[in-house]
Every structure is written in structure tokens, then in C-alpha cells.
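Here, each number is a calculation from the coordinates, and none is a lab measurement. Worth saying up front: this structure is predicted, and the values here are computed from it rather than measured. Positions of Cβ are backbone-derived with ideal geometry, glycine not excepted, and every protein chain shown enters the neighbour counts.
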Amino acid sequence: MDYWIKESEEKVDSDIYILGIIANKIDLDINNQKIIKEGESFAKSKEAKFLSFSAKTDPTKKLDIFLCELVQEFLIKKKNMKIKENNKNNNIDNNKTKENR
């Protein structure tokens, strides 16, 4: 999984990068609590959101909510990034105006 995380980090803007990790088919493993704890720990180490999920036993609403939360966080980061860019551009414009006085 480290390979795929590294690949994705290299291809996206780190200011708006959101990572979600889903442990699927958790109903199949008798050690699922151990797997879930390992997944949570791994996700935390990567600053990622984590969801343990079973298509058999969990309602799809659980997955939908998780994905919506990821998208919402992405949109907030993107909006904040645009605000920072606009503020930076406004400061540059204000400095140029002051210099021209």
C-alpha cells in the first residue's frame, strides 16, 4: 500500500491531498478486530481517513457517508487554498499600489 500512497502523493497537489483507506470484506476474517486496529494505525501514520467496511454486513450508506466526508474535506481544502492565493495576490497588488504612490 505504501507504493500506491507514494504514487498518489507525487501526482497531486499536496495542499489539497486527501487520503482515505478502506478495509473491505472485514466479515471474512476471524481476526477482523486485529486487522481493523492495524488499518486504523496505518491510516493514522499516513494522516488518512479510515473505514472498515463489509458489503455483506454494513449498509452502503456507511460507505457513502465516508466518501462524502472525503469529498467535503477536499473541497474545503481547495476553497481555503484559493482564498490564500487571492489574499497573496491582493497583497502583491496592494504593495505595487503603495510603491507607485
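A few remarks follow.
- Placing +1 on each Lys and Arg Cβ and -1 on each Asp and Glu Cβ, with no other charges, gives the chain a dipole about its Cα centre of roughly 460 debye.
- Estimated [θ] at 222 nm from DSSP helical runs (n ≥ 4, -39500 (n - 2.57)) normalised by residues in the chain, nearest 500: -22500 deg cm²/dmol
- Bridging of residue 46 to lysines at a Cα separation below 16 Å is possible for 6, 37, once same-chain residues fewer than 8 apart are set aside.
- Using only Cα coordinates, the Kirkwood hydrodynamic radius of segment 2-100 works out to 16.3 Å.
- Residue of 30, 18, 65 that the Gaussian network model of the chain assigns the largest fluctuation, springs spanning Cα pairs under 10 Å: 30
- Across segment 40-47, rounded Karplus estimates of 3J(HN,Hα) from the backbone phi angles (6.51 cos²θ - 1.76 cosθ + 1.60, θ = phi - 60°) give 4, 5, 4, 4, 4, 5, 9, 6 Hz, Gly and Pro being marked x.
- Between 0 and 90°, nearest 10: helix 2-11 axis offset from the chain longest Cα axis: 20
- Computed from the Cβ-Cβ distance with R0 of 30 Å, the FRET efficiency linking residue 57 to residue 89 stands at 0.05.
- Amide H contacts of residue 21: 49, 50, 51, each under 5 Å away and 5 or more positions distant or on a separate chain (H built 1.01 Å from N in the peptide plane; Pro and chain starts excluded).
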